[in-house]
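Only one structure is covered here, and it is reproduced in the block below.
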Amino acid sequence: MALPEMKQSATDARLGTLTLPEGGCLSTARHAALSRVQTMGLPTRRDEYWKYTRPDTLVNAELVAAEVFTSDEAPMFDGFDRLKIVFVDGVFDADASDDLSLEGITVERLIDLEAKDIHWATDLYGVLEARGQTPVERPLAALNTAFAADGIAIHVTGKPSKPISFIYKHLDANSDSILHHIVRVDTGAEATILENGPAAARFNNVMEIDVADGGKLHHVRAQGRDHERRAATHVFTRLGAESVYKSFTLTVNGVLTRNEQVIEINGDDAIAHVAGACVGDGEFHHDDTVFITHDALNGESRQVFKKVLRNGATGVFQGKILVKEGAQKTDGYQISQSLLLDDDSQFLAKPELEIYADDVACSHGSTSGAIDEEALFYLRSRGVSASEATDLLTLAFLAEAVDEVEDDAIAEALVNRLEGWLARRR
Amino acid sequence: MLEIKNLHVKLEEEEKQILKGVDLTVEAGKVHAIMGPNGAGKSTLSYVLSGRDGYEVTDGEAVLDGTDLLEAEPEERAAAGLFLAFQYPVEIPGVGNMTFLRTALNAQRKARGEEELSAGDFLKEVRAKAKSLKIDADMLKRPVNVGFSGGEKKRNEILQMAMLEPKMCILDETDSGLDVDAMKLVADGVNALRDAGRGFLVITHYQRLLDHIKPDVVHIMADGRIVKTGGPELALEVENNGYADILAEVDA
């Protein structure tokens, strides 16, 4: 079926600006992804899945420049013992990165890997992304698979002693970056992946994560606070039996962010937790789009998203739990909440449950509210100023999401970030 | 210390006059009790003094040691030494009780130009004071008033009072919802704070709290005014005969 004319021309224009890396072992996957994009077309505002978020600046051939933001605040995760993998405007920086060897894990640059033929990588690259195209299309992810010029392949075979940390620096106001990472966690293996930084003026990031039986992956992201940056990220995760995936994303500013999480629970007794906290002021649009499919027994999924919005900021949450026939004893939970600090900001939420099994426990809730006046007065009556009391209540609101992070040091670093944001806006 | 003159207050949202000329002076070192039937305006008086929204002062004044309370923000009133023990203490999920106490204490010290209390000194003080109110470590760690029983909430109010060391304490129906043992504990906490430099205004519906916190002066409030003032014996009169007799006598 032919695409609508507008969509066709926008897609053609964008594809015309990109070059598909040829010749490596991922070439077949890249070409398959390209034909997916050509069939689907890139998103437009008319698409139901993009009803609340305008995709044009993420899609257009022309890039909107983003001023590089400088801050005297120490970078996130600074001081953490971790394996640093640095990208500057979407290009791997070997000099700034650590030596990529670490016990229990193999880390390789995609470009180096393409020259070889590594089974687990060819079995994963573009595979989860392709699976994630039904029942809802995610053309920006397919575009990424086709054109990603850089990225990292991580094979977790044991329990590495420290987190793997992606650092995305943004130094060029006109950078347009596409990165694609693949992560394979073997049976019984366990690792933590950190990501932080604004990455580029426009950032298209895909991570495909395959967790084998009994494997565990912790994933914490702190999206950089450059005010003008734009990002579309997709994380595709497939979970084997008794495996665990826990993710948390902090977003502080950024003019436009669309974070899609697509999780398939394929093995029994697996656990998937995705959480996020975002704080936005003014020109800020933040979209969390989550799709969790339960296709096994006894699965547990949990979505906890909190957004603090002020001065006309917009928050979006689209979260779905799909329980397939036979996925009995599924325990699905979803909450999305916004704290609107003024009348100009808005929160748009679309929580969904679709259940085809008869013995499951699923719940969802979504709220939008202002600072609790009773609590505010109580604090003020004890001598706390209105602004400090508002900050305290704002942090308390976000705490429920940050509590999802198991590692205390990481949670504390996240809270510090939020406190910094609040303090700067007094 | 606290001087209230001809205080007239109406609801902000509707034409309803609640206080119709309250005159009251609480001296340092004294405990004043205000008793009265439901709807007399007792709680409104406490809220207006502490600066809660929703009320409009149409006439009169309230001054605490030179600070014009009615012109000040709630936090400025607190820093000036005013404390209200709430009838219904507010639950604040996500804010730890300790964090709350420390933030409040340091905010007041800062507002008065005093040094902030160090973490160590604070901890020592809060533990000692919590212990005398039978507040355990768990209650200090939990979010403010969340999951606290009625008695625990009231004890937590008294702990805040003990930590903040206000000049003027208003207790709004602190006895409501307390059993005899809990009331005794709360009263002991209040009595421990009685001091020559500190005034108390104890608002209560019943006389029983005043068995434990002995007042120097008792006021009867009805229909937005103080209608009768006397000694502790006035509270006993209410206990024995109810408010009807006193109000009839005043009306006559």
Peptide B:71-78: average number of partner chain Cβ atoms within 10 Å per residue? 5
Evaluate 2.2 N^0.38 Å with N set to the residue count of region A:157-255, then give the Cα radius of gyration divided by it. 1.15
Counting Lys and Arg as +1 and Asp and Glu as -1, each charge on the Cβ, what is the dipole of region B:2-251 about the Cα centre in debye, to the nearest 20? 1000 debye
Region B:1-93: GluC sites (Glu not before Pro) in DSSP loop, at most 13 other beta carbons within 10 Å: B:Glu12, B:Glu13, B:Glu14, B:Glu15, B:Glu27
What net charge is computed for the residues neighbouring A:Arg258, neighbours being all others with C-beta under 15 Å from the C-beta of A:Arg258, Lys and Arg scored +1, Asp and Glu -1? +3
Using the structure shown, list the pairs from A:Lys159/A:Lys329; B:Lys30/B:Lys214; B:Lys153/B:Lys184; B:Lys42/B:Lys131 with a Cα-Cα distance above 21 Å, or answer none. A:Lys159/A:Lys329; B:Lys42/B:Lys131
For A:Glu190, which sequence-distant residues (separation of 5 or more, or a different chain) have an amide H within less than 5 Å of its own amide H, given hydrogens modelled in the peptide plane? A:Gly158, A:Lys159, A:Lys216
Specify whether the C-alpha gyration tensor of region A:5-372 places it in the rounded, prolate or oblate class, a ≥ b ≥ c being the square roots of the eigenvalues: rounded for a/c under 1.5, otherwise prolate if a/b is larger than b/c and oblate if not. rounded
What is region A:316-426 by shape, rounded, prolate or oblate, if you read a ≥ b ≥ c off the alpha carbon gyration tensor as root eigenvalues and call it rounded for a/c under 1.5, prolate for a/b larger than b/c, and oblate otherwise? prolate
Rounded if a/c under 1.5, otherwise prolate or oblate - region A:13-112, Cα gyration tensor axes: oblate
Taking N as the number of residues in the protein assembly as shown, what is its alpha-carbon radius of gyration divided by 2.2 N^0.38 Å? 1.18
When the label point is put 7 Å from the Cα of B:Glu27 along its Cα-to-beta-carbon vector, which residues of region B:187-202 have a backbone N closer than 16 Å? B:195-201
Region B:80-173 pair-distance distribution - Cα-Cα, 10 Å bins, rounded %: 16, 52, 31, 2
Rounded to whole Hz, the Karplus (6.51, -1.76, 1.60) HN-Hα couplings of region A:44-53, x for glycine and proline: 10, 5, 6, 5, 4, 6, 10, 4, 9, 10
Qualifying GluC sites (Glu not before Pro) for region A:293-363 [loop in DSSP, other Cβ within 10 Å: at most 13]: A:Glu325
Candidates B:Leu117, B:Leu140, B:Leu82: whichever shows maximal mean-square fluctuation once chain B is modelled as a Gaussian network with Cα springs under 10 Å: B:Leu117
Grab the other residues whose beta carbon is less than 12 angstrom from that of B:Val26, score K and R as +1, D and E as -1, and report the net. -2
Just A:Asp358, A:Asp172, A:Asp281 to compare: in a GNM of chain A, with alpha carbon springs under 10 Å, which one fluctuates most? A:Asp358
Taking R0 as 22 Å, what FRET efficiency do you get between A:Glu374 and B:Glu13 from their Cβ-Cβ distance, rounded to the nearest 0.05? 0.85
Long pairs among A:Lys84/A:Lys320; A:Lys116/A:Lys324; A:Lys7/A:Lys350; B:Lys10/B:Lys110; A:Lys162/B:Lys124; A:Lys307/B:Lys129, criterion Cα-Cα beyond 27 Å: A:Lys84/A:Lys320; A:Lys116/A:Lys324; B:Lys10/B:Lys110; A:Lys162/B:Lys124; A:Lys307/B:Lys129
Rounded to the nearest angstrom and ordered from largest down, what semi-axes does the equivalent ellipsoid of region B:2-251 get from its C-alpha gyration tensor (root of 5λ)? 30, 21, 16
Diffing region A:97-113: the Karplus 3J(HN,Hα) column from phi (6.51, -1.76, 1.60, θ = phi - 60°), in whole Hz with x for Gly and Pro, holds 8, 6, 4, 7, 8, 7, 4, x, 7, 10, 10, 9, 6, 3, 4, 5, 6
Just in region A:81-170: which chymotrypsin sites (Phe, Trp or Tyr not before Pro) are loop by DSSP and have at most 10 other Cβ atoms within 10 Å? none
Please find, in a Gaussian network model of chain A (springs between Cα atoms separated by less than 10 Å), the residue of A:Thr394, A:Thr157, A:Thr17 whose mean-square fluctuation is greatest. A:Thr17
For peptide B:86-93, how many partner chain Cβ atoms fall within 10 Å of a residue's Cβ, on average? 5
Averaged across A:365-377, how many Cβ atoms of other chains sit within 10 Å of each residue's Cβ atom? 3
Multiply the residue gap between A:Ala386 and A:Arg425 by 0.36 nm, knock off their C-alpha separation, and tell me the result in nm, one decimal place. 12.7 nm
Environment charge at A:Trp421 (Cβ cut-off 12 Å; Lys +1, Arg +1, Asp -1, Glu -1): +2
With the cut-off at 26 Å, report for region B:133-252 the share of all Cα pairs above it, as a whole percent. 28 percent
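Just so you know, all these numbers are worked out from the coordinates, no wet-lab data involved. Being a predicted model, the structure only gives us computed values, none of them experimental. Using ideal geometry, Cβ is built from the backbone for each residue, glycine included, and neighbour counts are taken over all protein chains shown.
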